[in-house]
Amino acid sequence: MVARAASVTKKPRAVAPPAEAHGAHEDAAAASFAALVHRLDYLDPADIKRIRDAYKYADAAHLGQFRASGEPYITHPIAVAGLCAEWKLDAQAIMAALMHDVMEDTGTTKVELIERFGASTAELVDGLTKLDKLQFSTREESQAESFRKMLLAMARDVRVVLIKLADRLHNMRTMESMPADKRTRIARETLDIYAPIAHRLGLNQVYRELQELSFKYLLPWRFAALTKAVQKARGHRRDIVERIRHDVERAFKEASILVQIHSREKTLYSIYRKMREKHLSFAQVNDIFGFRIVVSTLPECYLALGVLHQLYKPMPGRFKDYIAIPKANGYQSLHTTLVSPLGTPVEFQIRTEPMHMVAEKGIAAHWLYKADNAGQGLTEAQRVGMVSLQSLIDIQDETRDAAEFLEHVKIDLFPDAVYVFTPKSKILALPRGATPVDFAYAIHSDIGDHTVAAKVNGEQVALRTELRSGDVVEIITAPVSRPNPAWLNFVRTGRARSKIRHYLKNMKQEESLELGEKLLAQAMRAEGLHLPPGDETQGEAAPLWQALVRWSGNRSRRELMIDIGLGKKIATIVAKRLAKLMAEAGARPDALTLSMSRYLHDDSTPAQTLVTLDGTEGATVQMATCCRPIPGDSITGYLGRGEGLVVHTTDCHVGKRLFQRDSERWIAVEWAEEMQRPFETAVSLLVQSGKGVLAKIAQAVSEAEADITHIDMGHEPGHATMEIRMLLAVRDRVHLAQVLRTLKRSPLVLRVARVKPQ
């Protein structure tokens, strides 16, 4: 089905209101465009003429289309262009804003836009066009893929996301006429994705308004209740706010510092979030009102801070210097919380005029300060946006699954941050809860991939340690180190998560490819044939491989081998098909190869004809956790569906049940002569309760040169005995027997045995 995520409801072109109403709507649209032109006084006449041409084109393209409210559809693009004009975006961006829906809704092609308005404007429009014309299995997949497309366009030109945010803001302002379920869905998407992007870009006005509107449509009853409560509180606190303003104005006048003072009110959504997170009632939220002090120069920010601290007492631990250490999106201000005359805390934000512009308009403010050369100014703005969004852009490089991609993006848009330092004093902003592994991947993916240890403030720490603001982090790497799947349990950033998953996925594919080659070669020997050389693109056997790949439904020989290695396809079935294709081409079974295969089937197993395990197989080959086989055990292999090769002991009850249900998925495996790593096995001990029992057992295991990888003691207070279950890393069955003998010699151990599946 086509999963549409359109932000407005459009009526078919054939449906139109009466002619009189249509004429009135045309007048309204023309008047709206006239109002837009008044906002474009920062552009030259030639640019305004091009924008007027784009308006006429969009108006003709959307003729006969109406919004859910009954207004002509063209009023929406005009409003979006108006928001972009407030940010002083260039002519190309205003034109793209006017035409941002023409490709999606009217059948206009990118080629037509290039011919008429140039490649740059057409690229912007194309980046804003959703993928609704493609078929998606779910709405979520459509949403994720459309967002990915916008992100790729944004990597080339940050104006794409600015226009998209203006589009979303106007849609959120005008959702009253839409069905309730659609309002809720769009509001949730806005709160999860678009508001955090606005925050990441420093567009604080847009960020706050998107949050507020989303809150209004997601939780209308709570929104209404908080609105009434704030209005009531505003009346009660008007006198104290005016008194504080008067005191502050007088203090700055006496200090001869020229300032602008703005009172600031906490948004309803931030009040609601604070109440929910800290379990407070509305009456307990006492920082609803605050003040913003705008000064002329940077040194005056710190002078103003001194004046305020002399006027009212500061609250300890509530001062933040975002001028010396800016936020990731470029935001700069001094924050301090003072105790008012009534004893309630009041927050003050102190900044310069340029800082104030960046704080309110974020990356869009760079258009206001650009050089005379428009191209240079645009490049600088794009550079700032790229730095701010680099981690999001990197994520889409590694992640091909739509749902996984959106999950990573949502994680990475988490706005709460900690600020940490590299050993060379470079500042990095990371999400709260980030670890040294997140830090390593934030520096460079190669450093993350080869991380082995970390130091925080000069002391070695575990890789899962949560970082705090001000920490100096040093990463220790080793060329042979590789990402550990366990890191996925604690990394916090979407960038680190996607890089680790991408590496593990590639590694698993390479291992599966090698295993698939072995399994198919073995199955072909059972047919008396050797695996044809080459692949579907080269070699004498290319037609054979092409026919086999078509039959299997795979895209290439490599993909087919990976599927065999993962157990998604059975090697014996693929081998029979390949043998048939080879027979049709004139090949005949080789008697010697066939007899060797039968010799193998009679349980004399030459090593070269089996899948041999030496411990270096990686994630593709797993030891079954039900029986935990170790070298020396009699084993067999089960090709799980998509899990790769799972090795069981031949006497494992779980394995026997699987064999009865799915016998064609079992293959012969054996241990190599020399193993490259230890293997885990489960051991159960019955011991006497007493002080130091665990230490004595651990010492005995250590003396036997084994390792304890996991231990479970249960909890049976007051009992004379207790059972301990351990996972031990041993070399083989002989080594395990030595460990068990050593444990039995301890007087505290009453019974010890290897755990077998029931």
Counting only backbone N atoms under 16 Å from a point 7 Å out along Cα-to-Cβ of residue 733, the residues of the stretch 664-708 in range are 669-675, 679-682
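Once fully extended, how much extra length lies between residue 707 and residue 530, figured as 0.36 nm per residue of separation less the alpha-carbon to alpha-carbon distance?
Numbers: separation 177, 0.36 × 177 = 63.72 nm, distance 4.37 nm.
Full extension from residue 707 to residue 530 adds 59.3 nm.
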Theoretical FRET efficiency, 1/(1+(r/R0)^6), r = Cβ-Cβ of residue 457 and residue 63, R0 60 Å, to 0.05: 0.35
Under 30 Å Cα to Cα from residue 756, which lysines show up? Leave out anything in the same chain fewer than 8 places away. 508, 568, 656, 691, 696, 744
Mind listing the long-range amide H neighbours of residue 333? Cut-off is under 5 Å, sequence gap 5 or more, other chains count too, H placed in the peptide plane at 1.01 Å from N. 322, 323
Return the subset of 164/499; 455/499; 327/361; 232/266; 216/274; 320/361 for which the Cα-Cα distance in this structure is over 19 Å, preserving the input order. 164/499; 455/499; 320/361
Size of the stretch 248-289 along its principal axes in angstrom, Cα-based, largest extent first? 43, 16, 12
Please give, to one decimal in nm, the separation of the simple spin-label points placed at residue 324 and residue 510, each 7 Å out from Cα toward the Cβ. 4.6
Point-to-point label distance, residue 691-residue 276, nm (Cα→Cβ direction, 7 Å offset): 5.2
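How many percent of all Cα-Cα pairs in the stretch 471-567 sit more than 15 Å apart? Don't jump to the answer; show the numbers that get you there.
Details: 3359 of 4656 pairs.
Pairs farther apart than 15 Å: 72 percent.
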Going by average Cβ density within 10 Å per residue, which order do the peptides 160-168, 488-496, 248-256 take, highest to lowest? 160-168, 488-496, 248-256
Each label point is 7 Å from the Cα along the Cα-to-Cβ direction; what then is the distance between the points at residue 478 and residue 674, in nm? 2.0
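Please find the FRET efficiency linking residue 231 to residue 56, where r is the Cβ-Cβ separation and R0 is fixed at 56 Å, and quote it to the nearest 0.05. Display every interim value, and only then the final one.
Details: r = 45 Å, r/R0 = 0.80.
Using R0 = 56 Å, I get an efficiency of 0.80.
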For an R0 of 56 angstrom, estimate the FRET efficiency from the Cβ-Cβ distance between residue 44 and residue 546 and round to the nearest 0.05. 0.40
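Run the dipole for the stretch 222-367 about the Cα centre, Lys and Arg Cβ at +1, Asp and Glu Cβ at -1, nothing else charged, and hand back the magnitude in debye, nearest 20.
Values: 23 positive and 13 negative charges, 149 e Å.
That gives a dipole near 720 debye.
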Subtract the Cα-Cα distance of residue 35 and residue 754 from 0.36 nm times their separation in residues, and report this length gain in nm to one decimal. 250.6 nm
Integer Hz, Karplus 6.51/-1.76/1.60 couplings in order for the stretch 61-69, x for Gly and Pro: 5, 8, 4, x, 9, 9, 7, 4, 6
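The numbers here are math on the coordinates, done by the rules we state, and not lab data. Just so we're clear, the structure is a prediction, and the values are computed from it rather than from any experiment. Ideal geometry is used to build each Cβ from the backbone, glycine not excepted, and the neighbour counts take in all protein chains shown.
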